[in-house]
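Enquirer: One structure, as structure tokens, below. Some questions next.
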Amino acid sequence: MASFAGHGTTAPASSHTYLNFESDQNPFGGRQFLNVGTNEHVYLTILTVDLVLFPNAILPLLTRGEAEKQIIEEIIGTKPLDLLRPGRFERDLSLEHRKGFFGVCLRTGSGVAKVGTLAEIYRHGRFEQIDLVDDDDEVQGGSDGTVDVNIVAKGRKRFEIVKLSGVLTSRMMVAIIRLLPDGENTKLPKEHPHSAVPRFVWKMHDCSDLLQKIIVNMCKNGLQTLAEKMPHGTPCTKSFWLAINLPLSVPLKYEMLTLKSTFHRLNFVHKYLESMSIETFACKYCRSPFCRPSDVFSMSDEGVTAAYVNPQGYVHQIMTLKTVNMDAISTSGEAVTEHSWFPGFAWTIINCIVCGNHFGWMFTAVDDSCHPSKFFGIRKDAVIVWNNLPVVDRAMPVLAAPVPTG
Ligand SMILES: [Zn+2]
């Protein structure tokens, strides 16, 4: 295990070094996606996942199986199009224009959520499967000593599926999409002493004002550490950062992704924080409290929540915490350094002591130069926010499952 010195709590994981990339470069150099307007309809390869990807969020991926590997290699451009492949669509001939891009949509049962995010691949390499027994029953895909393609992609722009065209693999399909605008979109004139818009109306649509209220509410809810980590940038950037980092359930995250402007997203966060008092994070299944929002901290420059992929290709969304209630967890197995998402740290599986739910991992430094000496990576889909209020959640609008073709 390679060690690193002097990193403290900064960014050891953000580059996803555990994926063993050969090159460190964005092969596409920030190209525009087709230069299309927000109303133009275009074909796009869609990957369905169990999480909501927002613009600016990072998604690491390992391909599963030969068909998926070939599709990703075609998108990257390291392999020519196989026009004879069964199920190949005529529109894939225009793939050249979409090189480096694919769409990411939340999988909902057998369907797919209507709104997704365009992702741009900025690192890729080949990943030799290692013989590693993983945590639980989430082992998926064919990992039998074969070489897979790994990529790291970044969310770019929201889109809406207009029509599903057909299925490529169990989690990939082709769809006609249109890009959605993400901007401030308030359509209000600048504040002006003689403006026809009353000041209170202008104030209601003021994103900076909303952000200040959000920060106050985050502090009230024990999320001060998180509030302090909010990056500089436009209200739009901050609204997506909040969507990525706040402890929102998947349906709430999806609802936030569908909102049409920065103002709507910030207003959503404001109402959410106003309506709740976050006391603790609890086990999703047995509701045993085991960690506190005030202990979240950042182990990567992606924020306190980031996605990581395990050797079997399963993507976990992980929230990092300084400490958890050790009486509420049990550990399973030995500390392992292989394939650690955090170089210099060994991982140990942690479970709910009551029901055995796989909470995530305890990371312990294997080197004196690594700080902190111990921290916890908690799977976001293993926990719920626990408070005295009824759980408010939303049903997700989905498209019907596509009909397989070819
Ligand atoms: Zn439990």
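The values are calculated or read from the model by the stated rules, or taken from the named source; none is laboratory data. Model, not experiment: these values are computed from the prediction. In this analysis, Cβ positions are derived from the backbone assuming ideal geometry, glycine residues included, and neighbour counts consider all displayed protein chains.
Enquirer: Applying the selection to the stretch 281-310, what residues are out of contact with any helix residue (DSSP H, G or I) (no Cβ under 9 Å at 6 or more places or on another chain) and either at pLDDT below 85 or in a loop (DSSP other than H, G, I, E, B) (or both)?
Expert: Correct list: 286, 287, 292, 299, 300, 301, 310.
Enquirer: Another question, then. Keeping to the stretch 332-365, report how many residues are within 17 Å of residue 308 (Cβ to Cβ) and not in a strand (DSSP E or B).
Expert: Going through the stretch 332-365 one residue at a time, the tally reaches 8.
Enquirer: Among the residues of the stretch 311-331, which ones are part of a strand (DSSP E or B) and touching a residue at least 40 places away in the same chain (Cβ under 8 Å)?
Expert: Of everything in the stretch 311-331, those that are part of a strand (DSSP E or B) and touching a residue at least 40 places away in the same chain (Cβ under 8 Å) turn out to be 315, 316, 317, 318, 319, 320, 321.
Enquirer: Among (1) farther than 27 Å from residue 228 by Cβ; (2) in contact (Cβ under 8 Å) with a residue 24 or more places away in the chain; (3) within 16 Å of the ligand (Cβ to nearest atom), there is one condition residue 351 misses while meeting the rest; what is its number?
Expert: If we test residue 351 against (1) farther than 27 Å from residue 228 by Cβ; (2) in contact (Cβ under 8 Å) with a residue 24 or more places away in the chain; (3) within 16 Å of the ligand (Cβ to nearest atom), just (2) comes out false.
Enquirer: Kindly check whether there is at least one residue in the stretch 128-147 that is in contact with a helix residue (DSSP H, G or I) (Cβ under 7 Å, 6 or more places away or on another chain) and at pLDDT below 85.
Expert: Taking every residue of the stretch 128-147 in turn, at least one turns out to be in contact with a helix residue (DSSP H, G or I) (Cβ under 7 Å, 6 or more places away or on another chain) and at pLDDT below 85.
Enquirer: Looking only at residues that are assigned to a helix (DSSP H, G or I) and of a type in the set (S, T, N, Q) in the stretch 234-257, which one is nearest to the ligand (Cβ to nearest atom)?
Expert: Looking at residues that are assigned to a helix (DSSP H, G or I) and of a type in the set (S, T, N, Q), I get 245.
Each row is one residue, and each column tells you yes or no for (1) within 16 Å of the ligand (Cβ to nearest atom); (2) under 21 Å from the mean Cα position of the chain (by Cα); (3) within 24 Å of residue 225 (Cα to Cα); (4) buried (at least 18 other Cβ atoms within 10 Å of the Cβ).
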site	(1), (2), (3), (4)
285	yes, no, no, no
313	no, yes, no, yes
336	no, no, no, no
340	no, yes, no, yes
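Enquirer: Give the residue that is farthest from the ligand (Cβ to nearest atom), with candidates limited to residues of the stretch 258-272 that are surrounded by fewer than 22 Cβ atoms within 10 Å (Cβ to Cβ) and of a type in the set (A, V, I, L, M, F, W, C).
Expert: Result: 259.
Enquirer: Which of the numbered conditions does residue 375 fail, given that it passes all the others? Conditions: (1) under 27 Å from residue 223 (Cα atoms); (2) surrounded by fewer than 16 Cβ atoms within 10 Å (Cβ to Cβ); (3) more than 16 Å from the ligand (Cβ to nearest atom).
Expert: Every condition holds for residue 375 apart from (2).
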